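First up is the structure itself, then whatever we jot down about it.
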Ligand SMILES: Cc1cc2nc3c(=O)[nH]c(=O)nc-3n(C[C@H](O)[C@H](O)[C@H](O)COP(=O)(O)OP(=O)(O)OC[C@H]3O[C@@H](n4cnc5c(N)ncnc54)[C@H](O)[C@@H]3O)c2cc1C
Ligand SMILES: Nc1ncnc2c1ncn2[C@@H]1O[C@H](COP(=O)(O)O)[C@@H](O)[C@H]1O
């Protein structure tokens, strides 16, 4: 089995701090991590490799420092890493990102299964997986919480594709889906428990001996006008700190008084529920 | 592509810095400088009144979209039941269509679903594209994407809205890739605005949270149609239209089982535990300030007296006191009740993200500095274990409670 895992390096948004004066994001010192869902994608690929044999390639598009994400992937057990890195890729929306990733996958030749995270915590779009699948014309399974079974195509039976059977987590239940290989699946955290990186592997992964390639736009044969900001259809026109402020009237007095005051406000308000607060006690 | 700033002509007015969406400009020694975050988008070039900023970017031409008209909504249905989010989007679509002076259409796919057309009309669809086929009985990505692609290419809508449900998030990106258009996920606000860059044409402004809800970004799609966005359930409001008279356009798709590449083996319904807080009129929500299960029982009494539901913050779910389905916030549910009573909740941004659409917000917290007060209409600084029993007592004294 030839497996490809899409990994993204993201800022740890759970530790984001805002500048109290300007309300802007303080980006300095924001640590970078491998997108949490992608660790589950890696774990899934490594598990399949252990069962059926094959290779796991970790693929990432990002700035030069995103190589750290690939190092970690190799530390966990991936065979090799490829970083798509070019100034022309910067500022890409999901359309341009998915085009770039899918061209790189094409260059890898025949791939049986692509696994990616359900969503990345910096954008939360969950679009890259389905879009990559579409560029490549593959079947997809999103929200995968369990990989039940996987049968690679049998070379003795041409015309009969291999299949992956998964369970998908939906709002009101679970769907069991059979998907023709090659396919793309996006996985959620429920799927598995990612392993830790192996110390020795991690150390080798950090040296020049590591099997990490860096490809630019020319290497994957894309025009710079089709990728990055230029190839994007959507553009950020402004960012702002949400202003949710309301009147913030703090009610004062004894316990009885504040509650009575509150109910009085609600009674006089235009809610359809004001009747609930009728008959204020004396 | 590069941006240059002529330092001699820069008077440090910061306009470029303010307009830059990427923090690509920083002020150093009173003059603007390009930082390594610059993506050469060129937003700064236009706003500089001293013409101190130049670039070698050739402005991208905006294609002629005059053929593209109408606001479309994907009407998600499963087993013949419409998802609420589609109806909510029809409400928003009407607003957008009014500003554009265009009409609203719903796209309904399935097998034997014609009976749902009336509901779509009542909620605001002027036109319904009804696509029925045995292969559309259950949702399968490629089948539905194929149909949507054909419809979009044939009828050329200007805007296409899809619910950010599990189904919608599976379908929308594939359609966007097919039709060559941008897609903005999980929008919390949609509006029509005049685009200065394209000689005053009207475009869709799509606002969504970014960086874990810490900032909001407004996104536009200038260069492709339809302008596609997904919206999470509960964010927009349904409307009811009178004098309903929708046109139904029936379409027979050409689908082949062989192209679809997936088979559904089984669907197991797991009803979400507890009640649906997104439908509640009153929500009494508890955070870490509430002591254990007994504390939540007390809140439950208050909720019951008001005919409302109980909800909570993520920490409470993590402590195993309440189920995930009761969590409000960025990684939980978005709710918009008439009254939201936040008890012992600090008001972290991720929590606020899910409850800001509430009509009235009431906060009870011992800490007068808790951020929840900033977003409250009325606040009570005090211990919930004293205030809530008092609320219960005062409500119970009244005879008029229904
Ligand atoms: C990526 C990400 C996603 C997240 N998503 C969500 C989400 O969807 N929903 C969510 O809720 N959180 C979410 N969180 C967590 C969020 O950041 C906060 O940690 C959480 O909302 C805080 O919950 P809390 O208000 O219950 O607890 P705390 O922040 O600990 O606040 C407790 C409050 O209770 C007050 N208090 C204590 N005792 C009393 C008393 N006796 N009477 C009155 N007041 C009292 C305290 O003054 C304090 O303000 C997310 C976090 C991350 C990083
Ligand atoms: N720049 C990228 N490089 C590699 N993989 C990515 C990149 N962006 C997104 N992905 C993959 O797509 C998934 C969903 O990301 P998103 O659509 O951005 O929420 C992630 O979990 C990754 O597996």
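The values are calculated or read from the model by the stated rules, or taken from the named source; none is laboratory data. Owing to the predicted nature of the structure, the values given are computational and were not obtained by experimental measurement. Cβ coordinates were reconstructed from backbone atoms using ideal geometry, including for glycine residues, and neighbour counts include every protein chain displayed.
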- Item | Residues that are out of contact with any helix residue (DSSP H, G or I) (no Cβ under 9 Å at 6 or more places or on another chain) and either surrounded by fewer than 23 Cβ atoms within 10 Å (Cβ to Cβ) or more than 14 Å from residue B:372 (Cβ to Cβ) (or both), drawn from segment B:320-341 | B:320, B:338
- Query: Say we look at segment A:31-69 and pick out the residues that are free of Cβ contacts under 8 Å to residues at least 40 places away in the same chain and in contact with a strand residue (DSSP E or B) (Cβ under 7 Å, 6 or more places away or on another chain); which of these is nearest to ligand 1 (Cβ to nearest atom)?
  - Reply: A:33
- Task: Report, ordered by the first and then the second residue, all pairs with beta carbons closer than 8 Å, sequence separation of six or more or different chains, a first member in segment B:31-49 that is at positive phi and away from chain A (no Cβ under 14 Å), and a second member that is surrounded by fewer than 19 Cβ atoms within 10 Å (Cβ to Cβ) and at pLDDT 75 or above.
- Result: none
- Considering only residues that are assigned to a strand (DSSP E or B), more than 21 Å from residue B:275 (Cβ to Cβ) and touching a strand residue (DSSP E or B) at 6+ places or on another chain (Cβ under 6 Å), look in segment B:361-380 and name the one that is nearest to ligand 2 (Cβ to nearest atom). B:363
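One line per residue, one yes/no per condition, for (1) surrounded by 23 or more Cβ atoms within 10 Å (Cβ to Cβ); (2) away from chain B (no Cβ under 14 Å); (3) within 12 Å of ligand 2 (Cβ to nearest atom):
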site: A:51; (1), (2), (3): no, yes, no
site: A:54; (1), (2), (3): no, yes, no
site: A:58; (1), (2), (3): yes, yes, yes
site: A:64; (1), (2), (3): no, no, no
site: A:68; (1), (2), (3): no, yes, no
site: A:100; (1), (2), (3): yes, no, yes
site: A:103; (1), (2), (3): no, no, no
- Item | Out of A:260, A:218, sole residue that is out of contact with any strand residue (DSSP E or B) (no Cβ under 7 Å at 6 or more places or on another chain), assigned by TED's automatic domain parsing to the domain that holds residue A:145 and either assigned to a helix (DSSP H, G or I) or within 25 Å of residue B:280 (Cα to Cα) (or both) | A:218
- Note on the structure: Those residues of segment B:111-152 that are outside any helix (DSSP H, G or I) and either touching a residue at least 40 places away in the same chain (Cβ under 8 Å) or farther than 16 Å from residue B:263 by Cα (or both) come to a total of 17
- Query: Going through segment B:326-357 one residue at a time, which ones are within 7 Å of ligand 1 (Cβ to nearest atom), touching a strand residue (DSSP E or B) at 6+ places or on another chain (Cβ under 8 Å) and either more than 20 Å from residue B:164 (Cβ to Cβ) or modelled with pLDDT of 90 or more (or both)?
  - Reply: B:327, B:328, B:343, B:344, B:345, B:346, B:347, B:351
- Query: Assuming residue A:190 fulfils every condition listed in (1) within 30 Å of residue B:84 (Cα to Cα); (2) facing another protein chain (nearest Cβ under 9 Å); (3) surrounded by fewer than 15 Cβ atoms within 10 Å (Cβ to Cβ) apart from one, which condition is it?
  - Reply: (2)
- Message: Any residue at all in segment A:78-88 that's within 14 Å of chain B (Cβ to nearest Cβ), part of a helix (DSSP H, G or I) and more than 16 Å from ligand 1 (Cβ to nearest atom)?
- Response: yes
- Message: Conditions first: (1) surrounded by fewer than 19 Cβ atoms within 10 Å (Cβ to Cβ); (2) away from ligand 1 (no atom under 16 Å from the Cβ); (3) assigned by TED's automatic domain parsing to the domain that holds residue B:382; (4) not in a loop (DSSP other than H, G, I, E, B). Residue B:307 passes all but one, so which condition is the exception?
- Response: (4)
- Message: I need the full set of residues from segment B:50-76 which are in contact (Cβ under 8 Å) with a residue 24 or more places away in the chain and over 30 Å from residue B:171 (Cβ atoms), in order please.
- Response: B:50, B:51, B:52, B:53, B:54, B:55, B:56, B:57
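Here is a yes/no grid of residues against (1) buried (at least 18 other Cβ atoms within 10 Å of the Cβ); (2) at pLDDT below 95; (3) within 16 Å of ligand 1 (Cβ to nearest atom):
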| position | (1), (2), (3) |
| --- | --- |
| A:115 | yes, no, no |
| A:125 | yes, yes, yes |
| A:132 | yes, no, no |
| A:143 | yes, no, no |
| A:151 | no, yes, no |
| A:157 | no, yes, no |
| A:165 | no, no, no |
- Conditions: (1) at pLDDT 95 or above; (2) closer than 29 Å to residue B:23 by Cβ; (3) surrounded by fewer than 24 Cβ atoms within 10 Å (Cβ to Cβ). Residue A:79 meets all but one. Number of the miss? (2)
- Query: Tell me, which strands (runs of 3 or more DSSP E) lie completely within segment B:238-294 with 1 or more residues that are farther than 25 Å from residue B:352 by Cβ?
  - Reply: B:247-251, B:262-269
